[in-house]
1. It is to be established whether one or more residues within the stretch 82-99 are out of contact with any helix residue (DSSP H, G or I) (no Cβ under 7 Å at 6 or more places or on another chain), surrounded by 11 or more Cβ atoms within 10 Å (Cβ to Cβ) and acidic (Asp, Glu).
Amino acid sequence: MSRARFAFAAHPDAIADLRKLPDDIRDLALLELQNLVHGSDDCLPLKGRLAGFHKVYVDPSVSYRMVIQYRPAPPTSHHKREIYLVAAGSRQDYAVYRSAHLRTGPRQGTETASATEARVQAARSRSPRAVDQPTDIPATPPATAQPASSTSRKVPKR
């Protein structure tokens, strides 16, 4: 067999994903990973939240997928790049893609969630000046300035 072209690494939960696959699907997944490490480019790039990652079809009916990423190998490796397995599992209800997103995007999601939470808190907060004002009195609109003219436009009351 030829020398591997890429190093291999996996997210710890991705290894658990492989163990959960049915035996025949697991064998096909391991074969696909072996082919990828040896230089096969049998994968397709993903878009959207998983841009920069690739999907790999595992079985002939394309019911199972793997999500991988090509990335630089660690300095101690003999290879320049590595294949990083992020998730493996069923495509049904996009389960494998959700798992991959949760494993790779918590930093992005947390920042977005905290920014959203900050906006919600700001919207719910009250001005310190509003504390002194009673809340049961309706606010009156500000008085409009009358034009300075010699003739009054008001109709006299009868």
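The values are calculated or read from the model by the stated rules, or taken from the named source; none is laboratory data. Quantities reported herein were computed from a predicted structural model and do not represent experimental measurements. Every residue, glycine as well, gets a Cβ built from its backbone with ideal geometry; the counts of neighbours run over all protein chains shown.
1. yes
Condition check ((1) under 17 Å from the mean Cα position of the chain (by Cα); (2) modelled with pLDDT of 95 or more) across all residues:
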site: Gly39; (1), (2): no, no
site: Asp42; (1), (2): no, no
site: Arg49; (1), (2): yes, no
site: His54; (1), (2): yes, yes
site: Ser61; (1), (2): no, no
site: Arg65; (1), (2): no, yes
